[in-house]
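Peer 1: Dumping the structure here so I can ask a few things about it.
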Amino acid sequence: MSDRPQTLAEKILSAKYGRRAQAGETVVAEVDLAFAQDGTGPLAIRQIDALGLEGVAKPEATIFFFDHASPSPRKELSDDHRFMRAFSEKTGANVSEVGRGICHQLVAEHYAEPGMLIVGGDSHTCTAGALGAFATGVGSTDVAVAMALGRTWFRVPESFRVELTGSFSKGVYAKDLILHLIGDIGAAGATYKALEFSGQLESLDMESRLTVSNMAVEAGAKAGLFPADEITLDYLKGRGRGGKKLGPDPNASYEKQLEYDLEKIQPTVSKPHTVDNTALAQDLSDVKIDQVFIGTCTNGRIGDLQAAAGILNGRKTAAGVRLLVGPASREVYLQAEKLGLLRIFVESGGMILPPGCGPCVGVHQGALGSGEVVLATQNRNFKGRMGNPEGFIYLASPATAAASALAGKITDPREVLS
Amino acid sequence: MSQLSGKAWVFSDDISTDHIAPGRYFHLRSNLPELAKHVLEDAREDFAEQVKPGDFVVAGENFGLGSSREHAPTIIKLAGVSAVLAKSFARIFFRNAVNIGLPVIMLDTSDIQEGDQLEVDLEKGRLRDLTGAKELSFQPLSNEMMRILGDGGLVEHIKKHGEIKL
């Protein structure tokens, strides 16, 4: 096997395979964490049963997160929760209960470490790539196999190197960068590939990186990887966890090179009904909105809530606009409470949702009326996503969402930031 | 399994898993026959009622983008669809489809019209459009994918070999 320099994706998959592997090869690799959520978990359990295997290979590294129906709006979903609890009790697998938060946020807060191989029964599992883990979303059968055997098969992806320079100007955030990138390369621009970020990465703190990695799948990518650097190790240390620096080899080969100057990124919005249908916020000021949703695995972290609250503080949302705010986890909720952010949201006319996926997936809470328009900080705007195929979903950063809630129409946040 | 025949149902580019298995039916995910009554509802309201066993879903670019919900390919299969033909597929949907034993075929679908009678040979990688009187060839799936599909999906594959044997 050649000893040519490796990308970060090749490096992690090789380590878990036990031999050097390169892009294009198929490997069966050891999985460090396998999880599902309440929408994909019940089917995964039925597939484990169908395999005829007793239980799971690594109960401590197997988690069922209850976040999509949190709390459950229907008896069928409450029964799904009971089904997953019973399986976990029998096998020793873990349940992350209703109210604790969204799987991807909790994986970042509590589980992911550099170099890990993580599979999750949720497409946004790529979020943990921000911590230097190879994390990828799979379906219920794949996650069932990973849970039952402790390993599964992967095609080692080719990587695109995304070189970042400069730093964001005021009112511009990681969300604007990733929306801009997806608009640039398209919703299938990186299908089957890994996006590997490099360059002036000190411009992106851990929360910003989580936002970027979260949306890698919206360009079709299998993973969105950041090297583990000082920022990563500080984050892990602050949370009582360890980890070592990890990055690609110098001179690794990439299928494509992309470059973005952060100074040039402007507040960006995805228009209905695809994420790559992007425009500048300042060019959409004629779009009136009925609802604003700030939260999700993309932008429900404390920095996101601070950015939004900074704009809403002491002001009122426009008449006719419903503002929903959903912290991504219980921990974020408590931090927001301590910092007085929840009061700011409520006093401005908003309402606080429990930690979970909330309106994003159209399961409950904040379903759109026919013809209504929402500006949301989530990652997807597909037709029908928020419970109504006659609704119109625009995506933006928390700052753009907050500024727009005040004006009642899509607003560039730099207009309200002095 | 390798010889399929049926009628073409033509869909656009960018059919997402939200079109195929809308979130408002999330509570039916543990009741797949009920969920299948809504398959592709947000792309075409009457599809579940009209589709006949053996028919093909024919689409443009990036079919199945979005969520990892395996329920999407599963209810397409439950509705009786014999294969999905598209110019390109989203990654997770593609792998899910193979895992559950739903053939997915990548080829230029531009010339296939709604209602065309199609015959597909999966192993030879050949499609005959009987209505349009033309023949198209496609790249058969990778060896790994063909092995899983040939065994009837990933669960059957592992039951047969006791392991992932690719």
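Just so you know, all these numbers are worked out from the coordinates, no wet-lab data involved. Only a predicted model underlies this, so the values are computations on that prediction, with no experimental measurement involved. Cβ placement follows ideal geometry from the backbone for every residue including glycine, while neighbour counts extend to all protein chains displayed.
Peer 1: If we count other beta carbons within 10 Å of each Cβ, what is the order of B:Thr74, A:Thr274, fewest first? If you can, show how the numbers build up before the last one.
Peer 2: Details: B:Thr74 27, A:Thr274 22.
By the 10 Å Cβ count, ascending, the order reads A:Thr274, B:Thr74.
Peer 1: Can you give the mean number of other chain Cβ atoms that lie within 10 Å of the Cβ atoms in peptide A:357-368?
Peer 2: Numbers: counts 1, 0, 1, 1, 6, 6, 5, 4, 0, 0, 2, 0.
So the per-residue partner count for this stretch is 2.
Peer 1: To the nearest whole number, what is the average tally of beta carbon atoms from other chains within 10 Å of the beta carbons of peptide B:27-34? Write out the running numbers ahead of the final one.
Peer 2: Numbers: counts 12, 2, 11, 8, 1, 2, 0, 1.
Counting Cβ atoms of other protein chains within 10 Å of each residue's Cβ and averaging gives 5.
Peer 1: Please sort A:26-32, A:135-141, B:120-126, A:376-382 by packing, taking for each peptide the average over its residues of neighbouring beta carbons within 10 angstrom, highest first.
Peer 2: Working: A:26-32: 18.9, A:135-141: 29.4, B:120-126: 16.1, A:376-382: 27.6.
By packing density, highest mean first, the sequence is A:135-141, A:376-382, A:26-32, B:120-126.
Peer 1: How much net charge surrounds B:Glu135 when only other residues with a Cβ under 15 Å from its Cβ are counted (Lys, Arg +1; Asp, Glu -1)? Kindly include the intermediate steps, with their values, before the conclusion.
Peer 2: Numbers: positive: B:Lys124, B:Arg126, B:Arg128, B:Lys134; negative: B:Asp108, B:Asp111, B:Asp116, B:Glu119, B:Asp121, B:Asp129.
Charge balance in the 15 Å sphere: -2.
Peer 1: Sort the following peptides by mean Cβ neighbour count (other Cβ atoms within 10 Å, averaged over residues), highest first: A:366-374, A:57-65.
Peer 2: Numbers: A:366-374: 17.0, A:57-65: 21.0.
Final packing ranking: A:57-65, A:366-374.
Peer 1: Given the peptides A:303-314, B:88-99, arrange them by the average over their residues of other C-beta atoms within 10 Å, most packed first. It would help to have the intermediate numbers written out before the result.
Peer 2: Details: A:303-314: 21.7, B:88-99: 25.7.
Taking the mean over residues of other Cβ atoms within 10 Å, the ranking is B:88-99, A:303-314.
Peer 1: Over the whole of B:94-101, what's the average partner chain Cβ count within 10 Å per residue? Rounded to a whole number, please. Before the final figure, lay out the partial values.
Peer 2: Numbers: counts 2, 8, 5, 1, 1, 8, 5, 1.
Across the residues of B:94-101, the mean count of other-chain Cβ atoms within 10 Å is 4.
Peer 1: Let me ask something else about it. Can you tell me what share of the DSSP beta bridges in the protein assembly as shown is antiparallel? A percent to the nearest 5 is fine. Walk me through the numbers before you get to the answer.
Peer 2: Working: 25 of 82 bridges.
If we restrict to bridges inside the protein assembly as shown, about 30 percent are antiparallel.
Peer 1: For the pair B:Gln139 and B:Lys160, what calculated FRET efficiency results from E = 1/(1 + (r/R0)^6), where r is the Cβ-Cβ distance and R0 = 25 Å, to the nearest 0.05?
Peer 2: Working: r = 25 Å, r/R0 = 1.02.
Efficiency, from the Cβ-Cβ distance: 0.45.
Peer 1: Same structure, new question: What percent antiparallel are the DSSP beta bridges of chain B, to the nearest 5?
Peer 2: On the way: 13 of 25 bridges.
The antiparallel proportion sits near 50 percent.
Peer 1: Give the separation of the Cα centroids, the range B:1-57 to the range B:89-166, in Å.
Peer 2: Taking the Cα centre of the range B:89-166 as reference, the centre of the range B:1-57 is 17 Å away.
Peer 1: Next question, about the same structure. How much length would be gained if the chain were fully extended between A:Lys244 and A:Arg82, taking 0.36 nm per residue of separation minus their Cα-Cα distance, in nm to one decimal?
Peer 2: 54.5 nm
Peer 1: Lysine pairs, Cα distance under 18 Å, 8 or more residues apart or cross-chain: how many in chain B?
Peer 2: Going through chain B pair by pair, I get 9.
Peer 1: Local charge sum around A:Ala396 (other residues, Cβ-Cβ under 12 Å, Lys/Arg +1, Asp/Glu -1)? Don't skip to the answer; put the middle values down first.
Peer 2: Numbers: positive: A:Lys175, A:Lys271; negative: A:Asp176, A:Asp304, A:Asp412.
Once positives and negatives cancel, what remains is -1.
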